[in-house]
Amino acid sequence: MKPIPTLETERLTLRAFRLDDAAAVQRLAGDRLIADTTLSIPHPYEDGMAQEWIAQQQPDFDQCKGVTFAVTRKADGALVGAIGLVGMAAGHKAELGYWIGRPFWNQGFCTEASEAVLRYAFTDLGLMRVHCAHFSRNPASGRVMRKLGMQHEGTRRWHLRKWDQFEDSELYGILKNEWKRGAKSHSMRLIRYQAAYREPMLALHRSAIEGFTLGMSQQEDEADLVAVEDVYLRSRGEFLLGFVSERLVAMGGFKRLSDGVAELRRMRIARDLQGQGYGTLMLRELEWRAFQSGIRTLCLDTARRRPLTLEFYRKHGYQETGRSFYGAVETVQFSKTLDERGCERKCLGPTQSV
Ligand SMILES: CC(C)(COP(=O)(O)OP(=O)(O)OC[C@H]1O[C@@H](n2cnc3c(N)ncnc32)[C@H](O)[C@@H]1OP(=O)(O)O)[C@@H](O)C(=O)NCCC(=O)NCCS
């Protein structure tokens, strides 16, 4: 018998469940909201169920069926939730599933724990693919999957049945090579623009345009950036900032031009972090948010003399539509039609076995 390993993250320890976790499992997983968006967590969660579930985990691990971890907070040892891999096919694939207790939601715990489990899946277990799914009505889980760099692989309509309702299911997956390429960038935290970050945001913008003769004053160039709320946010657009630890490393937004059309603007990634997946993560999130808000065409202008940037947009499905100028800088214009497939959406989830 090989014991279930322990994985460490910045704030969490992922370890094997113990029978003395049962009371906390029953309290947290017994919340109807946890059962509501998972497939086989029972409700009501009766006495003895947690013990039975925990007792099955080591045998499942021994038989290579899967692995389940208790997610615990390092600061005080509190049980935060559960995460694991089920339906494991050795050397091939497994399904990721998780739940986090309601008092601990929206603090990044699920994402942090999932990152550790993906690393374990691809490095220690040698898997090639990790997939997962969530009810379409569970956007928080979808957000977690997108933050992990997973790709939306489809929607299965009425594929699941919960509380006697038919439910649509969103499918997600990530391959080992995609994870490897983007692993670092997945630690980036994206937030909507806040005025408190104006100065670092302007500094990031200025460092990105260093070396260009713009043919306009700094004030003219930065007019939209000193009025992000008006130009982007209040006009049904979006503007996001990306952080790694406390450092602002990415920015970008879209400005609505008409109901279905928006312009992607001010995509900037810190110079030392370019080419590592941060731009892809930012672009995917902006495209998804644009699609969700009814935008079907995204266009943009980018400097012609930057071949890597041009290649980046081509790779993401943008078509060249023309040439123009931004002040004195010659630009290439791109456009992309958004569709549901192209705009990665949500994830899905676990069963009682996770
Ligand atoms: C889904 C779940 C695991 C997420 O756990 P978590 O620790 O809160 O996740 P994180 O904090 O890492 O990330 C949640 C993200 O969803 C976002 N989010 C939360 N509610 C949302 C909503 N209604 N719509 C869109 N996004 C939402 C959060 O803002 C956060 O994104 P951000 O970091 O960009 O701000 C947790 O809600 C849960 O256990 N739900 C019940 C069980 C379940 O659904 N399990 C998954 C089944 S597929």
Any idea what the dipole of the stretch 189-337 comes to, in debye rounded to 20, about its Cα centre with Lys/Arg Cβ at +1 and Asp/Glu Cβ at -1? 420 debye
Which one of Ala208, Ala70, Ala94 has the biggest mean-square fluctuation once the chain is modelled by GNM with Cα springs under 10 Å? Ala208
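Once the Cβ-Cβ distance between Arg304 and Trp163 is put in as r, and R0 is 56 Å, what FRET efficiency do you end up with, to the nearest 0.05?
Details: r = 56 Å, r/R0 = 0.99.
After rounding to 0.05, the efficiency reads 0.50.
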Please build a GNM for the chain, connecting alpha carbons under 10 Å apart, and tell me which residue among Glu210, Glu167, Glu285 fluctuates the most. Glu210
Note on the chain: contact order normalised by length, alpha-carbon pairs under 8 Å, 6 or more apart, percent, works out to 18 percent
Between Pro59, Pro307, Pro42, find the one with the highest GNM mean-square fluctuation for the chain; connect C-alpha pairs within less than 10 Å. Pro307
In the structure shown, of Lys74/Lys180; Lys162/Lys336; Lys93/Lys315; Lys93/Lys336; Lys162/Lys255, the pairs separated by more than 29 angstrom at the C-alpha atoms are Lys162/Lys336; Lys93/Lys336; Lys162/Lys255
Two-site label geometry, Leu33 and Asn106: point separation in nm, points 7 Å out along Cα→Cβ: 0.9 nm
Stokes-Einstein D for the stretch 189-337 (4 °C, 1.567 mPa s, Kirkwood Rh from Cα pairs), in µm²/s, comes to 83 µm²/s
Under 17 Å from the Ala23 label point (7 Å along Cα→beta-carbon), backbone N, the stretch 38-79: 46-52, 77-79
Which value in Å does the Kirkwood hydrodynamic radius of the chain take, with 1/r averaged over all unlike C-alpha pairs and then inverted? 21.8 Å
Could I have the simple spin-label model distance between Glu220 and Arg314, label points 7 Å from Cα toward Cβ, reported in nm to one decimal? 3.1 nm
Based only on Cα atoms, what Rg/Rh ratio does the stretch 7-184 have, Rh being taken as Kirkwood's radius? 0.94
Taking only C-alpha pairs under 8 Å that are 6+ residues apart, what is the relative contact order of the stretch 7-184 in percent? 18 percent
Largest-first principal axis extents of the Cα set of the stretch 93-209 (Å): 53, 34, 28
Extreme residue, positive dipole direction of the chain, given options Ile54, Gly84, Leu190 (C-beta unit charges): Leu190
Multiply the residue separation of Asp47 and Arg323 by 0.36 nm, subtract the distance between their alpha-carbon atoms, and state the gained length in nm to one decimal. 92.6 nm
Calculated [θ] (222 nm, deg cm²/dmol) that DSSP helices of n ≥ 4 give over the chain, each run adding -39,500 (n - 2.57): -7500 deg cm²/dmol
Would you mind computing, in nm to one decimal, how far apart the modelled labels at Arg206 and Arg296 are, each placed 7 Å from Cα along Cα→Cβ? 4.3 nm
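We did not get these values from a lab; they are worked out from the coordinates using the rules stated. Computed from a predicted model, the values in this text were never measured in an experiment. Cβ atoms come from the backbone with ideal geometry, glycine included; neighbour counts cover every protein chain shown.
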